[in-house]
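Written below as structure tokens is the structure these notes are about.
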Amino acid sequence: MKKMALHTKILIGMTLGLIFGMIAIQFPWLGGFTLDYIKPFGTIFIRSLKMVAVPLVLASLIIGVANIGDISKLSRMGGKTLGIFIITTVISIAIGLSLVAVLKPGHKLPEETRQNLMSLYDATAESKISVAAEVKTRGPLQPLVEMVPDNVFLAATNNGRMLQIVFFALLVGVALLQIPKEKGTTVLSFFNGLNEVVIKIVQYIMLLAPYGVFALIAALIVEIAGDQPEKAWELLYALLWYTITVVLGLFIMMVAIYPILIRYFSKISYLDFFKGIRPAMLLGFSTSSSTATLPVTMDRVEKHLGVSEEVSSFVLPLGATINMNGTSLYQGVSAIFIAQALGLELSIAAQLAIVLTATLAAVGTAGVPGAGLVMLVIVLEAAGIPAAGIALIMAPERILDMVRTMVNITGDASVSVVVASTEGELDVEFAKKHVNE
Amino acid sequence: MKKLPIHIKILIGLVLGVVWAFISSSLGWNDFTIKWIDPFGTIFIRLLKFIAVPLVLFSIIGGVAGLSDVSKLGRLGGKTLGAYMVTTVLAVGVGLLFVNIIKPGTYMDEEQRIKNRLSFEMWLQENNMGPAHDGKSYLNDPAYAQYLTESQMANKLSEEQQRDIQEKMEAAREQKESSPLMFIVNMVPENVLLSISNNRLMLQVIFFAIFFGITIVLIPKEKAAPIIAFVDGVNAIFIKMVDLVMKAAPFFVFALLAGVVAKMANTPTEVYEIFKGLGSYALTLLGGLAFVVFIMYPGILKLFVPKLKYREFFKNMSPAQFLGFSTSSSAATLPVTMECVEDNMGVPKSISSFVLPIGATVNMDGTSLHQAVAVIFMAQLHMVDLTIGQQLTIVFTASLASIGAAAVPSAGLIMMIIVLQSVGLNPAWVAIIFPIDRPLDMCRTVVNVTGDATVSTLIAKSEGELPKYS
């Protein structure tokens, strides 16, 4: 086991988890055992990663800004990052929309299944719609207001308020640059130490990754199967075309869009990029949580892809909250799928509305729990599609969430590589040596 | 624009904000103002709010740890701090007396106040802060139904929720009546991190900070050094942050004023009504400050130093008082204060050089008095009746917070936000009194300086080192 690369170990964990889960659903007692005694270890794994996310972002961003040492460079980097975020988001939605227009998965959904699904997920849809209604009553500038914490310590106790921590850390970093050096040294060395400690903790946690992933996947299979495995498969099968469309779109992002981005705007080869980021992608897939994966993404991007800490500590936490390419693509596909299934024709204007609201919703709902579906409701309403339609796509939600989290993470990582490369903060030689570790 | 000093720019922002409020209310643009301008005012308040807690925490720790000389000087140190505390409490008492007798907030149009009250209750509901301080709910009182706007109608509580709140109120009242010492009990945090993550538990933060600061003084120097360096560094960072925020203050102040006024008033007459109340507030505050300078301090001195004549005291002190008035900074006035106290009053240098610098940072009679008057004025403006207990919390928070905030520029504004938060009132209200803050700040400083001088004279007398007047 010792010589094996991390991603291989994680892959083995996933495969074993899959096999174990498949076996477990055949025997009811084993299924129960899995949920009671194996799943907790997966949860522990996710929790321990989430545990270090806030201190990691805080410490690394503070020293990151202090190391940049130049506020004009910081603002240039910020502008660049946001620009690329918006462009990749729009591209991903566009890909989703065109795929769904070509494959027309909604027309392949039998009427009977549709009725069935609508009644099955009625209650869940209701609750999402009411949350969305709440989100929509907020003023247009509310996201900007909520970026500013009203109590730093409170913000630090809530992973959902990562954006506030980013804001605070930026401000501390800038202030640190402007106070006399001798006053700042102790604070700086404190955060330096904290940062090193947290990074070390992440590395320890990663030793457990294969086991954590095994537990997560095994539990996932058992949970999806539920009490009546046959019925669950049937449901998933009915939505097969929809699932295929989403996954195909996400796949295109991974093998076409990001490679183009990396190829033309950075000096690193896509293969190296892919190798370096592998473990983070796999973790994103099995945890389906950007926050939990964030510490690992940061570790991979800095220690294996040669991106400087100044860039990664700035781009990645921001990306984890506002740049969700996978989620945006999924929204584009789902919106049109629902419209197709309900027999609605969408005008070009309505499709443009989808692009616009999905982009804005990505930023606007940062920090709202369960944001994916809530955002979708907002998008549906903007395009004039009945929001109750989300009942149709609930069944494969868990699985699609995994895939799109993986894409979200890859997107954030490639943006950080591009920003680093154009700022001269990317060490390609270093990357070549360390991508495989 | 670049050459203008910051307070002039803030003043311009203020005036523009008020002008905008008039324009937008007469043209019916209030919806636009609330949607697109008010959020920046909210951001300003949030910025100051999040800076406030760590600032108070670290500046008090740093300040108290820096007072290590006090413990060395033993009796003299204790006496000095005690005297400062007594004068502060007295000054705040005067402020409370004035504001409760004159009730400047009630001079405003009754109808406008009811509207203010309703929007305050809305704010409480939005922030899940429970029932208002006096336990009444104007939103649900049919007598005030005619003033409700549509959105407020929608937010009226259902019968069930009302009963729920009633029960909670009962429970809260019982707890409050359990012991008169409850507020001291509430000063001690159960969990420090919980206290610092809640803006309303500022007293607990202050308690912890003082305790922590004292402990730093008591542990061996070489162990304390890194902590002190860290605290100093963090402190410098937060002061810098205030500085950075204040650079954008003119714009923020514009947005804050425009937004707050737009929320309170829909027509120009209503805007006018809001600012009309300010006159009575300013007069009350000036009355209180004048009472402290012209009656309280001389009275105390008369009691302990009978030979010092009333007019002589002012003749001795006038240079420092004038300078304090024009700079509105007791730290900047310090050299002159020392000169006055030593040369004119005859206080020996050994005492003045110890007592006055401490006073310049710790003793803020005028500022604390101002806090008390301002907060209660704002509560009156919104028809919120505060009990004596709630008023005492204000006093406590105001005087203790002044220990740390003194060294910080724009401390008055931040302290006001701290105090408003700790009693559960809307911190955005500072916008109402902001327009006339600067001239009042000048008067406050006169009181601060005079208070420092009075205490140093008293200490000298009690040490038997005031030959000129004994």
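Summary table
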{"item": "Hey, A:Phe191 at pLDDT 90 or above, within 9 Å of chain B (Cβ to nearest Cβ) and in contact with a helix residue (DSSP H, G or I) (Cβ under 6 Å, 6 or more places away or on another chain) or not", "result": "no"}
{"item": "Residue selected from segment B:193-217 under the condition without any contact (Cβ under 8 Å) to a residue 60 or more places away in the chain and aliphatic (A, V, I, L, M), by the criterion nearest to B:Ser59 (Cα to Cα)", "result": "B:Leu193"}
{"item": "Given (1) assigned to a helix (DSSP H, G or I); (2) touching a residue at least 12 places away in the same chain (Cβ under 8 Å), number of the condition A:Pro149 does not satisfy", "result": "(1)"}
{"item": "Test: residue in segment A:47-57 that is part of a helix (DSSP H, G or I) and surrounded by fewer than 14 Cβ atoms within 10 Å (Cβ to Cβ)", "result": "yes"}
{"item": "Residues (more than 26 Å from the chain's Cα centre (by Cα) and among the β-branched types (Val, Ile, Thr)) located in segment B:296-335", "result": "B:Val305"}
{"item": "Flag if A:Gln164 is surrounded by 15 or more Cβ atoms within 10 Å (Cβ to Cβ), within 13 Å of another protein chain (Cβ to nearest Cβ), within 30 Å of A:Ala280 (Cα to Cα) and of a type in the set (S, T, N, Q)", "result": "yes"}
{"item": "Output for segment A:274-292, where each listed residue is in contact (Cβ under 8 Å) with a residue 60 or more places away in the chain and of a type in the set (Phe, Trp, Tyr)", "result": "A:Phe285"}
{"item": "Residues being more than 9 Å from every other protein chain (Cβ to nearest Cβ) and either out of contact with any helix residue (DSSP H, G or I) (no Cβ under 7 Å at 6 or more places or on another chain) or of a type outside the set (A, V, I, L, M, F, W, C) (or both) - total across segment B:196-221", "result": "10"}
{"item": "Filter pass, A:Leu141 being at the interface with chain B (Cβ under 8 Å from one of its Cβ atoms) and touching a Phe, Trp or Tyr at 6+ places or on another chain (Cβ under 7 Å)", "result": "yes"}
{"item": "Of all residues in segment A:168-188 being crowded, with 21+ Cβ neighbours inside 10 Å and under 18 Å from A:Val311 (Cα atoms), the one that is farthest from the other protein chains (Cβ to nearest Cβ)", "result": "A:Ala169"}
{"item": "Residue in segment B:222-245 that is free of Cβ contacts under 8 Å to residues at least 60 places away in the same chain, touching a Phe, Trp or Tyr at 6+ places or on another chain (Cβ under 7 Å) and away from every other protein chain (no Cβ under 14 Å) present", "result": "no"}
{"item": "Some residue of segment A:204-227 being without any contact (Cβ under 8 Å) to a residue 60 or more places away in the chain, within 27 Å of A:Val407 (Cβ to Cβ), away from chain B (no Cβ under 14 Å) and in a helix (DSSP H, G or I)", "result": "yes"}
{"item": "Test: residue in segment B:209-229 that is under 21 Å from the mean Cα position of the chain (by Cα) and within 30 Å of B:Pro104 (Cβ to Cβ)", "result": "no"}
{"item": "Residue in segment B:357-367 that is at pLDDT below 80, hydrophobic (A, V, I, L, M, F, W, C), crowded, with 24+ Cβ neighbours inside 10 Å and over 17 Å from B:Gly105 (Cα atoms) present", "result": "yes"}
{"item": "Residues of segment A:194-203 that turn out to be surrounded by 18 or more Cβ atoms within 10 Å (Cβ to Cβ) and either within 13 Å of chain B (Cβ to nearest Cβ) or under 21 Å from the mean Cα position of the chain (by Cα) (or both), as a count", "result": "2"}
{"item": "Segment B:37-62 - residue that is among the small types (Gly, Ala, Ser) and within 29 Å of B:Phe207 (Cβ to Cβ) and, of those, nearest to the other protein chains (Cβ to nearest Cβ)", "result": "B:Ala52"}
{"item": "Residue that is nearest to B:Asn198 (Cα to Cα) [pool: residues in segment A:148-158 that are surrounded by 18 or more Cβ atoms within 10 Å (Cβ to Cβ) and more than 7 Å from chain B (Cβ to nearest Cβ)]", "result": "A:Ala155"}
{"item": "Where A:Ala132 falls short, out of the listed (1) surrounded by fewer than 22 Cβ atoms within 10 Å (Cβ to Cβ); (2) more than 9 Å from chain B (Cβ to nearest Cβ); (3) more than 14 Å from A:Leu56 (Cα to Cα)", "result": "(1)"}
{"item": "Condition check for A:Ile399: within 14 Å of the chain's Cα centre (by Cα) and either surrounded by fewer than 18 Cβ atoms within 10 Å (Cβ to Cβ) or under 22 Å from A:Asn116 (Cβ atoms) (or both)", "result": "yes"}
{"item": "When residues of segment B:314-331 are limited to those that are surrounded by fewer than 20 Cβ atoms within 10 Å (Cβ to Cβ) and modelled with pLDDT under 80, the one farthest from B:Ala360 (Cα to Cα)", "result": "B:Ser326"}
{"item": "Residue in segment A:81-103 that is in a helix (DSSP H, G or I), aromatic (Phe, Trp, Tyr) and within 14 Å of chain B (Cβ to nearest Cβ) present", "result": "no"}
{"item": "Residue within segment A:117-125 that is within 14 Å of chain B (Cβ to nearest Cβ) and not in a helix (DSSP H, G or I) present", "result": "no"}
{"item": "Hey, B:Ala290 among the hydrophobic types (A, V, I, L, M, F, W, C) and within 14 Å of chain A (Cβ to nearest Cβ) or not", "result": "no"}
{"item": "When residues of segment B:89-127 are limited to those that are among the aromatic types (Phe, Trp, Tyr) and under 23 Å from B:Gly424 (Cβ atoms), the one surrounded by the most Cβ atoms within 10 Å (Cβ to Cβ)", "result": "B:Phe120"}
{"item": "Residue match in segment B:63-71 (condition: at pLDDT 75 or above, under 30 Å from B:Asp232 (Cβ atoms), buried (at least 17 other Cβ atoms within 10 Å of the Cβ) and among the aliphatic types (A, V, I, L, M))", "result": "yes"}
{"item": "Selection status of A:Leu271, without any contact (Cβ under 8 Å) to a residue 40 or more places away in the chain and in a helix (DSSP H, G or I)", "result": "yes"}
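To keep it simple, each residue is scored yes or no on (1) modelled with pLDDT of 90 or more; (2) of a type in the set (A, V, I, L, M).
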position: A:Lys39; (1), (2): yes, no
position: A:Met51; (1), (2): yes, yes
position: A:Ser72; (1), (2): no, no
position: A:Gly106; (1), (2): no, no
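The values are calculated or read from the model by the stated rules, or taken from the named source; none is laboratory data. The structure presented is a predicted model; accordingly, all values stated were derived computationally and were not measured. Counting neighbours? That spans all protein chains shown, and the Cβs are built from the backbone with ideal geometry, glycine included.
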